[in-house]
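Asker: Handing you a structure now.
Derivation of every value follows stated rules applied to the coordinates shown; laboratory data play no part. Being a predicted model, the structure only gives us computed values, none of them experimental. Every residue, glycine among them, receives a Cβ derived from its backbone with ideal geometry; neighbour counts consider all protein chains shown.
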Amino acid sequence: EGSALWGGRFSSGPDAVMAALSKSTQFDWVLAPYDIAGSRAHARVLHGAGLLTDEQLEGMLEGLGRLADDVASGAFGPAPEDEDVHTALERGLIERVGEDLGGRLRAGRSRNDQIATQLRMWLRDTLRSVVRGVAGVVDALLIQARAHPEAAMPGRTHLQHAQPVLLAHHLGAHAQALLRDVGRCRDLDRRLAYSPYGSGALAGTSLGLDPAAVAHDLGFVDAVDNSIDGTASRDLAAEGAYVLAQIAVDLSRIAEEVILWATAEFGYVTLADAWSTGSSIMPQKKNPDVAELARGKAGRLVGNLSGLMTTLKALPLAYNRDLQEDKEPLFDSAAQLAMVLPAMAGMVKTLTFHTDRLAELAPAGFTLATDLAEWLVRQGVPFRRAHAAAGACVRAAEERGVGLDELTDDELAACDPALTPDVRAVLTVAGSLASRDAHGGTAPKRVAEQLDRIFGAAIEA
Ligand code: ARG
């Protein structure tokens with residue numbers, strides 16, 4: 001005879017090679033608590049439909065309770081011949097309450113609607129803990145931003161010195177991206193809040209079971225509207241893989257900067273000993289391995305996303321066994337982020353910023369040239385002429401090896417007659433920063449307001 005769940009029409013059990021290919025308990029066991037919660041809810045709707053007596057329901061729930069305890073303690077686990085988590089737990093129930101009672105639970109459900117529901121439940125819980133992890137990194141960025149409210153640094157485009165910005169503004173930019181990721185988790189949860197339970201294998205149930213009752217029991221807003229869609233769709237799994245990959249990509253951009261900032265050439269930061277590693281041969285080394293692993297794992301999470309989407313591409317309706325391949329990439333992405341998020345928070349929180357070095361570099365590379373041009377615009381000079389004048393000042397300063405603020409009055413006037421000595425007021429980093437005071441700009445006042453809003457959003461998360 002074949003499997004206990006589907007062996008009726010089979011004269012032999014599965015070939016060992018086929019069983020090994022088919023088996024998923026090595027990765028789907030993490031769904032066991034959700035499977036048992038689903039079984040409890042399913043037992044209650046069977047009872048509601050008159051398919052279980054009061055006494056049978058009580059016996060079933062008691063057996064499921066013992067099974068849940070045994071799963072939690074490790075006393076019950078998957079056996080080599082169990083095909084998947086659903087099969088194993090049904091065996092566990094029958095071992096506890098007997099074939100006659102335990103065998104009644106399969107009525108009106110399929111592993112297809114079970115797995116679709118459990119994956120949604122798992123993803124909803126996982127996104128909640130991911131949000132907490134992301135909020136931890138936002139918190140670390142905020143701690144550093146608030147510890148250095150005045151520190152200026154060279155803002156870059158194309159990795160070249162561009163304009164001075166506040167370090168707090170730069171850190172806030174990373175926090176903004178992460179807060180959008182928190183929003184993505186929340187948006188996705190709204191779509192995940194519909195339960196496929198009751199969809200059966202694909203066509204729904206004929207047994208008078210109430211899918212909405214199961215849905216509410218399991219914390220969903222409602223049941224899905226279409227049983228084919230409920231069992232065959234995995235776009236929400238792909239969206240989960242995307243959100244996790246986007247978080248990893250956003251973390252990798254912080255990571256890359258920390259790696260650069262910790263070099264001798266940049267010299268912006270020193271890593272805390274607890275969040276860096278040494279070399280087995282070079283005694284002087286202090287390596288940014290946390291940041292490098294975060295950067296590396298972003299590639300892995302993007303791979304998980306693209307692998308999952310490739311599995312889904314062109315799959316006909318309804319359920320196909322290919323869908324079993326949805327779990328490993330998604331579980332892996334979540335497991336990697338669960339390690340990376342707190343490590344990134346720890347590393348960022350403990351960075352030592354060398355604000356003297358940052359301040360010294362802030363005006364280097366003529367980052368105040370735009371301020372000079374915009375000063376001319378405020379004097380009524382057309383921007384094209386102002387741009388050319390500022391360019392001429394840069395050339396003159398570069399030739400003489402001085403800063404823009406060190407050009408003589410004559411040199412300034414030679415670049416453009418409108419350039420009076422008053423322009424020097426904006427040729428300081430502090431003057432430049434303070435002048436960018438529209439909403440979203442890097443002026444200290446605006447940045448302080450921004451940090452307050454980030455703080456509020458992080459608290460809510
Ligand atoms: N383990 C399967 C999955 O992960 C669920 C079981 C459905 N199996 C089946 N033969 N219909 O998708």
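Asker: Enter the angle in degrees (range 0 to 90, nearest 10) between the Cα long axis of helix 54-73 and the first principal axis of the Cα atoms of the chain, meaning the one along which they spread out most.
Answerer: The angle comes out at about 50 degrees.
Asker: So, one more: Given 392, 122, 264, which one lies farthest toward the positive end of the charge dipole of the chain, if we put +1 on the Cβ of every Lys and Arg and -1 on the Cβ of every Asp and Glu?
Answerer: Working it through, the farthest residue towards the positive pole turns out to be 392.
Asker: Compute the distance in nm between two label points, each set 7 Å from the Cα along the Cα-to-Cβ direction, one at residue 26 and one at residue 12.
Answerer: Result for the modelled spin labels: 2.4 nm.
Asker: Treat each spin label as a single point 7 Å out from the Cα along the C-beta direction, and report the residue 158 to residue 430 distance in nm.
Answerer: 3.2
Asker: Could I ask something else about it? Mind giving me the nanometre distance, one decimal, between the label points for residue 455 and residue 352, set 7 Å out from Cα along Cα→Cβ?
Answerer: 2.7
Asker: In a shell of Cβ-Cβ distance under 12 Å around residue 434, excluding residue 434 itself, what net charge do Lys and Arg (+1) and Asp and Glu (-1) give? Walk me through the numbers before you get to the answer.
Answerer: Values: positive: 436, 445, 446; negative: 150, 371, 437.
Within the 12 Å Cβ shell, the charges total 0.
Asker: Based on other C-beta atoms within 10 Å, arrange 120, 106 from fewest to most.
Answerer: Working: 120 26, 106 15.
Lowest count first: 106, 120.
Asker: If a/c stays under 1.5 just call it rounded; otherwise compare a/b with b/c (prolate if a/b is bigger, oblate if not). Do that for the chain, with a ≥ b ≥ c from the square roots of the Cα gyration tensor eigenvalues.
Answerer: On the way: a/c = 3.30, a/b = 2.74, b/c = 1.20.
Because a/c hits 1.5 or more and a/b exceeds b/c, the chain counts as prolate.
Asker: Another one. Tell me, in nm to one decimal, what length is gained between residue 235 and residue 445 on full extension, where the rule is 0.36 nm per residue of separation less the Cα-Cα distance?
Answerer: On the way: separation 210, 0.36 × 210 = 75.60 nm, distance 4.33 nm.
Between residue 235 and residue 445, full extension yields 71.3 nm more.
Asker: With charges only on Cβ, +1 for K and R and -1 for D and E, what is the dipole size of the chain about its Cα centre, in debye, rounded to 20?
Answerer: Values: 44 positive and 61 negative charges, 119 e Å.
Charge dipole of the chain: 580 debye, to the nearest 20.
Asker: Suppose every Lys and Arg Cβ carries +1 and every Asp and Glu Cβ carries -1, with no other charges. What dipole size does the stretch 112-360 come out with about its Cα centre, to the nearest 20 debye?
Answerer: On the way: 23 positive and 28 negative charges, 82 e Å.
Once rounded to the nearest 20, the dipole reads 400 debye.
Asker: Quick one: net charge around residue 239, please, counting Lys, Arg +1 and Asp, Glu -1 for every other residue with C-beta under 14 Å from its C-beta.
Answerer: Details: positive: 120, 124, 184, 186, 190, 191, 234; negative: 181, 187, 189, 235, 326.
Around residue 239, the surrounding residues sum to +2.
Asker: Ok, one more. Any chance you could list the semi-axes, whole Å, largest first, of the equivalent ellipsoid that the Cα gyration tensor gives for the stretch 369-427, using √(5λ)?
Answerer: Those come to 16, 11, 10 Å.
Asker: How high is the FRET efficiency from residue 221 to residue 81, r the C-beta distance, R0 35 Å, rounded to 0.05?
Answerer: Numbers: r = 38 Å, r/R0 = 1.08.
E(calc), rounded to 0.05, equals 0.40.
Asker: Follow-up. When Lys and Arg each count +1 and Asp and Glu each count -1, what net charge do the other residues less than 13 Å away from residue 405, Cβ to Cβ, add up to? Write out the running numbers ahead of the final one.
Answerer: Details: positive: 400, 424; negative: 371, 406, 409, 411, 422.
Here the count lands on -3.
Asker: Let me ask something else. Would you compute, from DSSP H runs of 4+ residues alone, the mean residue ellipticity of the chain at 222 nm, taking -39500 (n - 2.57) per run and dividing by the full residue count, rounded to the nearest 500? Provide the component values of the computation, followed by the final result.
Answerer: Numbers: 19 runs with 281 residues, N = 461.
Result for the chain, helices only: -20000 deg cm²/dmol.
Asker: Taking 41 Å as R0, compute the FRET efficiency from the Cβ-Cβ separation of residue 339 and residue 53 and round it to 0.05. Provide the component values of the computation, followed by the final result.
Answerer: Values: r = 48 Å, r/R0 = 1.18.
Working from the Cβ atoms, E equals 0.25.
Asker: Same structure, new question: Hey, which lysines would be in cross-link range of residue 327, C-alpha to C-alpha under 21 Å, not counting anything within fewer than 8 residues on its own chain?
Answerer: In chain and number order, the partners are 23, 297, 313.
Asker: Of 11, 279, 39, how do they rank once you tally other Cβ atoms within 10 Å and put the fewest first? Present the calculation step by step, with values, prior to reporting the outcome.
Answerer: Details: 11 7, 279 10, 39 24.
In increasing order of surrounding Cβ atoms, one gets 11, 279, 39.
Asker: Report relative contact order for the chain in percent, whole number only (criteria: Cα-Cα under 8 Å, sequence separation at least 6).
Answerer: Working: 660 pairs, mean separation 76.3, N = 461.
Worked out over the chain, it gives 17 percent.
Asker: Now a separate question. Placing +1 on the Cβ of each Lys and Arg and -1 on the Cβ of each Asp and Glu in the chain, which of 147, 381, 290 has its Cα farthest towards the positive end of the resulting dipole?
Answerer: Sorting the options by dipole projection puts first 381.
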